[in-house]
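Just below is one structure, and these are the notes that go with it.
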């Protein structure tokens, strides 16, 4: 399914994934591995990889994270990737769960 994403959507996905990795204000090693694996699966170019690396050092700004910009056809891909990153360290805390619930509500237009 990841092959359905164009360059813009791949970067948008990674921006969301990285922002959710920051939901509890720290990036766990398991989350870094998840992000790295996803970057590999998406076959990002070097410039794109560097952008993702930057988002793991400093989270994307809230203005860069707009759930309404996620195309309807790709929403399941985004939700699945986000669930993957927040579960990567073996525990989903309150902040992560709340952020995911809000994201899903915004995708549904609630």
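Among 25, 100, 13, the residue with the largest mean-square fluctuation in a Gaussian network model of the chain, with springs joining Cα atoms closer than 10 Å, is 25. Please tell me the relative contact order of the chain in percent, rounded to the nearest whole number, where contacts are Cα pairs under 8 Å and at least six residues apart. Reported relative contact order: 43 percent.
Taken together, the values in this text are just the output of simple stated rules run on the coordinates, not laboratory data. Just so we're clear, the structure is a prediction, and the values are computed from it rather than from any experiment.
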